Amino acid sequence: PEQGRVLVVDNDEINRYLLHKHLDLRGYEVDHAASGWEALAKLRSEPFDAALLDLMMPGMSGFQVLAELKADTLLRDIPVLVLSAREDLAGVADSIKGGAEDYLFKPFDPVLLDARLSTTLERKRLRDQERQRNAELEQVSSALRRSNEDLQRFAYAASHDLQAPVRTVNTYLQLLERRLGNRLQSDEREMIGYARGAAKRMHALIQDLLSYSRASTEAVHVAPLDCEELLGVLVNDLRVLIDEAGAAVSWDHPLPVILADATAVRQILQNLIGNAIKYRRDESPRVHITIVGKGDHWRFCVRDNGQGIAPEHTKRIFEMFQRLHGDDLPGSGIGLAICQRLVDRFGGKIWVDSEVGRGSVFCFTLPFQAPR
């Protein structure tokens, strides 16, 4: 039917006829019931978009029909418009409280009935669409949860299964090198060195892939974070790398205490500071960190005097396995992708301003209140 399917429930035959005739002329498909019991039987066996319900019926009143409908999980969403000769406000209030969509007085006003019924059916249509969207979203959400769980299981399994043979290769290469000792020719020792280096790079790649998979699945722990204390610990952890490069790492004083996930912030800063030292020029690396409040977020910036990045590569470097400096320098090309994924998870942004031969400034933002 063009307008919808409506059940008219009234024990008065003339009222049923008038309502049937009126609604039929306006494009509705109409059926009717002469009692509450008959109405419930039809509503349970046939699909209806709405019901027009008389309150004052013998045997089973409209209030009882309404209560039965709202108690039935399969029928509770059918909208009910009450039609009654009762003009007291108590009847109106009881009907609405019982779950009726609207209340009309008898004899019915054709214009008012058309408007109320049309509005009721439109509300039902919108509710049906919302329920359908919610069901679809729940399906997508469930599929995403399963996908994340599968990803975690795969990551852990891959990490264990892939690292075991890598460790075996590295162990046997070490044993071979020790057993042969001085009998190894220089080129043979060099080949073993290449193989051990490849095993080491494979181990690092597996670890980075595992970190990337965890970046969007591990639980978030938001708590007060002293940024100055965090950087002090981080620089101490990177001490060997800093000393080997003759680097200097500094930051503004004092740095703020923020609400954030300490593990995520530490991982991002460690990647950025490590890259600033790794991709250096001939001069000693200089790295400076600033953390300031801007609007509704914190802005972290890591400035260096390194090699710099060409403008056409500034977006590509945040993608997986993107390496701009060849295989001469260590790394898997996943570090900045992890940073991007972590920042995205907290609703922030990450970018770089750079000039070849003069250095780079990597910046990222985190909201003042990280999402739960």
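The values are calculated or read from the model by the stated rules, or taken from the named source; none is laboratory data. Being a predicted model, the structure only gives us computed values, none of them experimental. All Cβ positions, glycine included, derive from the backbone under ideal geometry; neighbour counts span all protein chains shown. Quick note on the areas: whole protein, heavy atoms, side chains included, nothing else; ligands and nucleic acids left out. Shrake-Rupley method; radii C 1.70, N 1.55, O 1.52, S 1.80 Å.
Observations, loosely collected:
- Filtered residues of the range 292-319 (kept if under 17 Å from I334 (Cα atoms) and either of a type in the set (D, E, K, R) or open to solvent by 80 Å² or more (accessible area, probe 1.4 Å) (or both)): K315, R316, E319
- Of all residues in the range 274-327 being farther than 21 Å from G348 by Cβ and of a type in the set (K, R), the one that is modelled with the highest pLDDT: R286
- Cβ-Cβ under 6 Å pairs, at least 6 apart or on other chains, the range 231-255 side within 16 Å of R303 (Cα to Cα), far side open to solvent by 80 Å² or more (accessible area, probe 1.4 Å) and not in a helix (DSSP H, G or I): A248/R286
- Residue in the range 301-310 that is closer than 20 Å to V222 by Cβ and touching a Leu at 6+ places or on another chain (Cβ under 8 Å) present: no
- Residues of the range 94-111 that are in a helix (DSSP H, G or I), touching a residue at least 12 places away in the same chain (Cβ under 8 Å) and surrounded by fewer than 17 Cβ atoms within 10 Å (Cβ to Cβ): P110 alone.
- Scanning the range 233-292 for residues that are over 35 Å from the mean Cα position of the chain (by Cα) and hydroxyl-bearing (S, T, Y) yields S250, S284.
- Selection status of G91, modelled with pLDDT under 90 and part of a helix (DSSP H, G or I): yes
- For the range 78-92, the set of residues classified as touching a residue at least 24 places away in the same chain (Cβ under 8 Å) and surrounded by fewer than 17 Cβ atoms within 10 Å (Cβ to Cβ) consists of A85 only.
Condition check ((1) in a helix (DSSP H, G or I); (2) open to solvent by 50 Å² or more (accessible area, probe 1.4 Å)) across all residues:
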| residue | (1), (2) |
| --- | --- |
| R5 | no, no |
| K21 | yes, yes |
| E29 | no, yes |
| A39 | yes, no |
| P47 | no, yes |
| G59 | no, yes |
| V65 | yes, no |
| L69 | yes, no |
| R76 | no, yes |
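- For A164, the criteria (1) under 30 Å from A51 (Cα atoms); (2) open to solvent by less than 60 Å² (accessible area, probe 1.4 Å); (3) not polar (S, T, N, Q) hold in every case but one, which is (1).
- Condition check for L238: out of contact with any strand residue (DSSP E or B) (no Cβ under 7 Å at 6 or more places or on another chain) and among the aliphatic types (A, V, I, L, M): yes
- Residue in the range 120-160 that is modelled with the lowest pLDDT, counting only those that are of a type in the set (S, T, N, Q) and surrounded by 13 or more Cβ atoms within 10 Å (Cβ to Cβ): S159
- Of all residues in the range 257-274, those that are closer than 19 Å to F368 by Cβ and touching a residue at least 40 places away in the same chain (Cβ under 8 Å) have Cβ atoms under 7 Å from Cβ atoms of residues that are open to solvent by 40 Å² or more (accessible area, probe 1.4 Å) and polar (S, T, N, Q), 6 or more apart or on another chain, in L259/Q369.
- Listed conditions (1) under 18 Å from H32 (Cα atoms); (2) in a helix (DSSP H, G or I); (3) touching a helix residue (DSSP H, G or I) at 6+ places or on another chain (Cβ under 8 Å) are all met by D114, apart from (3).
- For first residues located in the range 283-298 and more than 12 Å from F364 (Cβ to Cβ), partners that are of a type in the set (D, E) and assigned to a strand (DSSP E or B) and lie 6+ apart or on another chain with Cβ distances below 7 Å form the pairs P285/D304; R286/D304; V287/D304.
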